[in-house]
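Below is one structure, written out as structure tokens, with a few remarks after it.
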Amino acid sequence: RDDSNESLGTGARKPTLPVQVGKIWVGGAHPVVVQSMTNTDTADIDSTVKQVAALWRAGSELVRVTVNNSESAKAIPKIVEKLAMMGIEVPIIGDFHYNGHTLLSEEPACAEMLAKYRINPGNVGFGKKKDTQFAQLIEFAIRYGKPVRIGANWGSLDQSLAARLMDENHLRAQPWDAGRVLREALILSAIDSAERAVELGLARDKIILSAKVSGVQELIAVYRDLSKRSDFALHLGLTEAGIGSKGIVASSAALAVLMQEGIGDTIRISLTPEPGAPRTQEVIVAQELLQTMGLRAFTPMVTACPGCGRTTSEFFQELAKVVQNHVRERMSEWKVSRPGAENMTLAVMGCIVNGPGESRHANIGISLPGTGESPAAPVFIDGEKKVTLRGENIAEEFIGIIDDYVET
Ligand code: SF4
């Protein structure tokens, strides 16, 4: 956090214990980390490598894959090796449910190559088996020096814990409502499991917590409480957020409120993609959420007006899209050759009403001609009008101006 964030109203980041996941740090004063998850069959090595690579190229700093059977556990070392041969060293996290203790025991190479294990305390086992199997998972984390995420989830809540809290609640003088009891069960499931892991010998700085629900207000309430009651690094995400714009809006609403309060060390936007939409969309949304909040910068942001009756064509919307896609594509190269380019701001505006003003606020802005205006597009660079573009090649010339600005 820097002081300029505070002057804009962003709350101080809640201090948490930093956890190293591969080469990536999560928590403490480290920037909020973007992560995502594949939806391929992990045993299908080529498809999984391809999707991990796409997520990483889009900007995912950690990638989680499901490890649900021995074929997928056997595939992990091969996936990590193939990625390394492609020059991709993104930490791969294994998502375990029900049988993680068996898979890690049978496939030591999987245990070794994963950068972190995700454990769901709600389905690690039942009754006495739960304690034993949880302990086995933690022993593997200790033996291989791996961090874990203890990830409780509303959809797979520890039923015995929920039932116990429901019973205890009947004895209270002022009973909680059922929703509050279940939220408490979710929080306790995460915190108690983490403390049990510490008792078993896992270092506190090897633990990340999450407690995901699918309702925005419930998620905010759960994480505010979780943050007050522990100093473990927190993974934020609205589970089963939904399809398309609903998922984006719900996730952004919940995560933005929490991050504004300084809560959250890594985020995943769990989108159900629209048919045909790339899996990488969730990474772009996570980056845009962090960047629009002023918490991190990934790629130059394009300000564009919505357009109205004063615009003569859809050209300016097309130009805004072309510009955003261009800078996003060039950013992987600029990250190395021109670090800092991600902080550049661009504006593509539809007419003279707000065009010149908004363009002056950006590093580079263009105000396209609206209805009845002269067919000229003034370009502003760092607040000053530098050139006026005309004719058929406005898009190419404007892109050239952006590239020159970054180069020089
Ligand atoms: Fe309409 Fe011009 Fe405002 Fe864009 S800048 S929304 S074109 S009035």
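Residue by residue through the range 84-106, note down the ones that are farther than 16 Å from V63 by Cβ and in a helix (DSSP H, G or I). Steps first, please.
Going through the range 84-106, the residues farther than 16 Å from V63 by Cβ turn out to be 85, 97-106.
Across the range 84-106, the qualifying residues are M85, G100, H101, T102, L103, L104, S105, E106.
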* Scan of the range 337-362 for residues that are within 27 Å of the chain's Cα centre (by Cα), more than 13 Å from the ligand (Cβ to nearest atom) and either in a strand (DSSP E or B) or of a type outside the set (D, E) (or both), ordered by number -> S337, R338, P339, G340, A341, N343, M344, T345, L346, A362
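Say whether the condition of being β-branched (V, I, T) and within 16 Å of the ligand (Cβ to nearest atom) is met by at least one residue in the range 288-310.
Step one: filter the range 288-310 for residues β-branched (V, I, T), giving 292, 299, 302-303.
So of that shortlist, the ones also within 16 Å of the ligand (Cβ to nearest atom) come out as 302-303.
Yes, the range 288-310 contains a residue that is β-branched (V, I, T) and within 16 Å of the ligand (Cβ to nearest atom).
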* Asked: Got a number for residues in the range 192-224 being surrounded by 19 or more Cβ atoms within 10 Å (Cβ to Cβ) and either of a type outside the set (D, E, K, R) or outside any helix (DSSP H, G or I) (or both)?
  -> 15
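Quick one: which residue in E397, E407 is closer than 14 Å to V323 by Cα, among the charged types (D, E, K, R) and out of contact with any Ser or Thr (no Cβ under 7 Å at 6 or more places or on another chain)? Don't jump to the end; show me each part of the working.
Details: E407 fails: closer than 14 Å to V323 by Cα.
None of the others qualify; the one that does is E397.
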* Can you tell me which residue within the range 240-262, out of those that are buried (at least 19 other Cβ atoms within 10 Å of the Cβ) and more than 24 Å from G28 (Cα to Cα), is modelled with the lowest pLDDT? => A241
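Let's see how each residue does on (1) farther than 18 Å from A347 by Cα; (2) in contact with a Leu (Cβ under 8 Å, 6 or more places away or on another chain); (3) modelled with pLDDT under 95; (4) crowded, with 17+ Cβ neighbours inside 10 Å:
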{"position": "R268", "(1), (2), (3), (4)": "yes, yes, no, yes"}
{"position": "E274", "(1), (2), (3), (4)": "yes, no, yes, no"}
{"position": "R279", "(1), (2), (3), (4)": "yes, yes, yes, yes"}
{"position": "V283", "(1), (2), (3), (4)": "yes, yes, no, yes"}
{"position": "L290", "(1), (2), (3), (4)": "yes, no, no, yes"}
{"position": "P300", "(1), (2), (3), (4)": "no, yes, no, yes"}
* **Conditions (1) in contact (Cβ under 8 Å) with a residue 40 or more places away in the chain; (2) in contact with a Pro (Cβ under 9 Å, 6 or more places away or on another chain); (3) under 17 Å from I93 (Cβ atoms): number failed by Y144** => (1)
* Just one of the numbered conditions (1) under 32 Å from the mean Cα position of the chain (by Cα); (2) farther than 30 Å from G87 by Cβ; (3) buried (at least 17 other Cβ atoms within 10 Å of the Cβ); (4) not β-branched (V, I, T) is not true of E318; which one? -> (3)
* Qualifying positions in the range 363-389 - away from the ligand (no atom under 13 Å from the Cβ) and surrounded by fewer than 17 Cβ atoms within 10 Å (Cβ to Cβ) -> S374, P375, A376, D382, G383, E384, K385, K386, V387, T388
* Structure fact -> Note on the range 311-336: residues in contact (Cβ under 8 Å) with a residue 60 or more places away in the chain and either near the ligand (Cβ under 10 Å from one of its atoms) or part of a loop (DSSP other than H, G, I, E, B) (or both) are T311
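The values are calculated or read from the model by the stated rules, or taken from the named source; none is laboratory data. Predicted model only: the values in this text are computed from it and were never measured. No Cβ is skipped: glycine too gets one built from the backbone with ideal geometry, and neighbour counts run over all protein chains shown.
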